[in-house]
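*Asks:* I am attaching a structure below and will ask some questions about it afterwards.
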Ligand code: UDP
């Protein structure tokens with residue numbers, strides 16, 4: 001492990017499911033506190049942290065049967081804002097300055113997404129939490145993570161999941177599943193590996209953004225940023 005952080009600016013993607021703490025629904029306060037502590041540790045050593053939160057613990061557009069897809073996707077984006085606000089509250093409780101910016105304007109609860117302003121917040125040591133994904137239906141929060149990482153010129157996307165790495169098949173169902181430590185973007189797309197959806201993966205590929213996939217906990221967040229090998233690297 002190196003003595004200095006490997007990255008100056010990171011984009012942490014936290015899925016809604018991870019926030020639910022294994023139950024798949026709602027927000028688990030212990031998990032949110034654990035993530036906040038990890039973010040605080042990075043913030044304390046001067047690593048700039050931007051966060052994109054998912055919403056799958058409340059709603060997923062593609063699984064809402066019978067509903068107009070666009071409407072369902074907007075509901076999904078609103079769900080991510082609840083998660084963003086919960087994380088903001090938890091971070092501020094332990095003294096980490098934060099701003100929430102949303103891809104859909106809702107001025108009473110958060111700032112609208114303004115790239116230059118977000119960059120300025122990061123430079124000032126504030127953690128910026130991006131809610132409402134890209135603000136557009138037919139996208140995912142993974143794509144929002146890739147997009148915001150490119151816009152913020154982040155050094156890496158930290159893709160914190162509830163599995164420890166990328167496998168060729170679901171390790172919970174297949175004990176012989178093969179674990180990958182390194183992958184190329186093309187391999188992820190061609191083998192349809194469940195890292196990110198293909199839109200998000202192509203965006204990372206085109207903009208040469210490294211993705212680190214690992215299991216979400218404080219220890220891992222620190223290890224990854226200090227260059228220790230955990231999980232899978234896609235580059
Ligand atoms: N969503 C969207 N546009 C975006 C981001 C999200 O329409 O830019 C919607 C989409 O319906 C998605 C839902 O919000 O299913 C929740 O996001 P996602 O499933 O990506 O969250 P995660 O799986 O990371 O919890």
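The values are calculated or read from the model by the stated rules, or taken from the named source; none is laboratory data. These numbers come from a predicted model, not from an experiment. Heads up, the Cβs are rebuilt from the backbone with ideal geometry, glycines too, and the neighbour counts pull from every protein chain shown.
*Asks:* Considering 51, 47, 96, which residue is within 13 Å of the ligand (Cβ to nearest atom), touching a residue at least 60 places away in the same chain (Cβ under 8 Å) and crowded, with 18+ Cβ neighbours inside 10 Å?
*Replies:* From the options 51, 47, 96, the qualifying one is 51.
*Asks:* Can you find a residue that is touching a strand residue (DSSP E or B) at 6+ places or on another chain (Cβ under 8 Å), surrounded by 18 or more Cβ atoms within 10 Å (Cβ to Cβ), closer than 30 Å to residue 4 by Cα and at pLDDT 95 or above anywhere in segment 62-85?
*Replies:* yes
*Asks:* Going by the structure shown, is residue 169 closer than 16 Å to residue 11 by Cα and surrounded by fewer than 17 Cβ atoms within 10 Å (Cβ to Cβ)?
*Replies:* No; evaluated as a whole, the condition is false for this residue.
*Asks:* Are any of the residues in segment 171-180 touching a residue at least 60 places away in the same chain (Cβ under 8 Å) and touching a helix residue (DSSP H, G or I) at 6+ places or on another chain (Cβ under 9 Å)?
*Replies:* no
*Asks:* Quick one: in segment 135-152, which of the residues that are under 13 Å from the mean Cα position of the chain (by Cα) and farther than 16 Å from residue 62 by Cα is surrounded by the most Cβ atoms within 10 Å (Cβ to Cβ)?
*Replies:* 145
*Asks:* Then there is this: Conditions: (1) surrounded by fewer than 23 Cβ atoms within 10 Å (Cβ to Cβ); (2) closer than 17 Å to residue 14 by Cβ. Residue 182 meets all but one. Number of the miss?
*Replies:* Failed condition: (2).
*Asks:* Among the helices (runs of 4 or more DSSP H) contained in segment 68-176, which hold 3 or more residues that are within 30 Å of residue 189 (Cα to Cα)?
*Replies:* It comes to 69-93, 141-152.
*Asks:* I need a count of the residues in segment 54-76 that are within 17 Å of the chain's Cα centre (by Cα) and away from the ligand (no atom under 12 Å from the Cβ).
*Replies:* 0
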